[in-house]
Structure formats: C-alpha cells, structure tokens
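One structure below.
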Amino acid sequence: MKVLLINGSPRENGCTRAALSEAAGALESEGIVTELFHIGNGPIQGCADCRKCSGTGKCVFDNDIVGTAREKAREADGYIFGSPVYFAGAAGHMTAFMNRLFFADNSVFFHKPGAAVVCCRRAGSTATLEQLNKYILISQMLLVGSQYWPMVHGNDPGEAARDLEGMQTMRVLGRNMAWILKSIQAGREAGLGLPAREEKRLRTNFI
C-alpha cells in the first residue's frame, strides 16, 4: 500500500514539507510506502473550463506537473495534500493544481482515504483546511482526521518542529490513515465490495 503526499508549497523544504514528512514517518512505521511529491514553484495553468476532459479523463494541459501527479495518483491508495496558508487560503498555484487534478478525473480518488494538512505562521489555517477538504469530500473519498485539525504553525521548518502539538497531530494522522488503509484491505480480502452506485447522476441547477 502506498500514500502519495503532495507538497503544495513553492518552498520545497519549508514548513509544509516538515509537516508532511512527520505524517510520512508515521505511515512508514506502520509498513505503508510513501512518496512525497513537490508541485514546484513554476506557473501552473488553471482550469480553463473547456470541458475537453469530459469522457476522456485527460486535461488538455496535462503535459505539465498536474499530469505527472495524476499518473502517480492512479498508483496510490491514499493521499495527503499539504499547502501553506496565503491570505487565509491555499497557495494560488496549489489551488490551480487541485482544480485541474480533481476536475478532469476525480474517479482516481473514489473510495480512497485522503487528508489535507496546512501550515501557517499564525492564522487562516482553518479556512484553508476547509478549502482543501472540499476536494476530498466531493470525490467520495474517506476523509481522515486526527486528534486536532491537521495544521502546523511556524514561519520556518525550525519553528514548525517546535509546534509539538502540531507535529503530534501529523503523526496521529499518519497512523489513522494507515489503519484505514489496512481496514480497506481486510475488507477486500473478506469479499466486501464497493458501495452500490446509482446509474445516473442527477444534477439540479439553481437559477
């Protein structure tokens, strides 16, 4: 079993990586393989709402970092998405990344465990966590929790490491995800199938 951890910070070795690494360590201690994937600090094309992905599951811009991440996501059993807080929200390029990653083909994530972690100096963490959790919840994923909201405070990795409660929250998150992954595997081995799906998805537009 494998968990893909997405580092959505422009700083590859900043606070977000410190938080994700703590969760990864807990996952690995439970026998789960992890991969930390940095989305980089270059420009990321946002969703153009062209709908070309409809029926194909492939974004027309997928020759970039989002396409690379999508292929890695297909091979993973669980996911943790990490972002720093910018103006009480996720980093702009992380938002563009998530919009395209989930819009083109969110079936990649169906019925798999996912979690979001955020890092900030002082405030805006809960608003950012809510933003990222919505990608998880709309994609029929299993949202993994911890002993507190998954956030770490600090202005640099050294300060983040001194947020002892935050780091413990990351470790608990990792162990919780490992338990869910093992429970899913045990269910499969016992013959438990996926939930029944309705044949047609209904949509209601509010005018």
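Could you please find all residues in segment 50-104 being surrounded by fewer than 18 Cβ atoms within 10 Å (Cβ to Cβ), more than 16 Å from the chain's Cα centre (by Cα) and farther than 16 Å from residue 119 by Cβ? Selection gives 50, 51, 52, 53, 54, 55, 56, 57, 58, 60, 63, 64. Selection of first residues in segment 58-69 that are under 10 Å from residue 104 (Cα atoms) and of second residues that are among the β-branched types (Val, Ile, Thr) and surrounded by 20 or more Cβ atoms within 10 Å (Cβ to Cβ), restricted to Cβ pairs under 9 Å at least 6 apart or on distinct chains, gives the following pairs, ordered by first then second residue: 59/66.
Only residues that are within 15 Å of the chain's Cα centre (by Cα) and among the hydrophobic types (A, V, I, L, M, F, W, C) were counted across segment 13-26, and they come to 4. For the residues 86, 148, the requirement of being under 30 Å from residue 185 (Cα atoms) and among the aromatic types (Phe, Trp, Tyr) singles out 148.
Taking the criterion of being farther than 28 Å from residue 121 by Cα, outside any loop (DSSP other than H, G, I, E, B) and of a type in the set (A, V, I, L, M), the only residue of segment 51-78 that qualifies is 73.
What about residue 46, is it touching a residue at least 40 places away in the same chain (Cβ under 8 Å), more than 16 Å from the chain's Cα centre (by Cα) and within 20 Å of residue 152 (Cα to Cα)?
On the way: touching a residue at least 40 places away in the same chain (Cβ under 8 Å): yes; more than 16 Å from the chain's Cα centre (by Cα): yes; within 20 Å of residue 152 (Cα to Cα): no.
Spelling it out, it is not the case that residue 46 is touching a residue at least 40 places away in the same chain (Cβ under 8 Å), more than 16 Å from the chain's Cα centre (by Cα) and within 20 Å of residue 152 (Cα to Cα).
When you look at residue 81, is it under 23 Å from residue 133 (Cβ atoms), touching a residue at least 24 places away in the same chain (Cβ under 8 Å), touching a Lys or Arg at 6+ places or on another chain (Cβ under 7 Å) and assigned to a strand (DSSP E or B), yes or no? Here the answer is no, as residue 81 does not meet what is asked.
State all residues of segment 22-35 that are surrounded by 17 or more Cβ atoms within 10 Å (Cβ to Cβ) and among the hydrophobic types (A, V, I, L, M, F, W, C); if no residue qualifies, say none.
Let us first name the residues in segment 22-35 that are surrounded by 17 or more Cβ atoms within 10 Å (Cβ to Cβ), namely 22-24, 26-27, 32, 34.
Across segment 22-35, the qualifying residues are 23, 24, 26, 27, 32.
Within segment 84-112, the set of residues being part of a loop (DSSP other than H, G, I, E, B) and among the hydrophobic types (A, V, I, L, M, F, W, C) comprises 87, 88, 91, 110. Close contacts from segment 123-147, counting a first residue that is closer than 13 Å to residue 177 by Cβ and a second that is assigned to a loop (DSSP other than H, G, I, E, B), with Cβ to Cβ under 8 Å and a gap of 6+ residues or different chains, come to 141/110; 141/111; 141/112; 142/111; 142/112.
Yes or no, residue by residue, for (1) under 13 Å from the mean Cα position of the chain (by Cα); (2) outside any strand (DSSP E or B); (3) modelled with pLDDT under 95:
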| residue | (1), (2), (3) |
| --- | --- |
| 137 | yes, yes, no |
| 147 | no, yes, no |
| 152 | no, no, no |
| 160 | no, yes, no |
| 166 | no, yes, no |
| 172 | no, yes, no |
| 175 | no, yes, no |
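The values are calculated or read from the model by the stated rules, or taken from the named source; none is laboratory data. Computed from a predicted model, the values in this text were never measured in an experiment. Please note: Cβ atoms are built from the backbone with ideal geometry, for glycine as well, and neighbour counts cover all protein chains shown.
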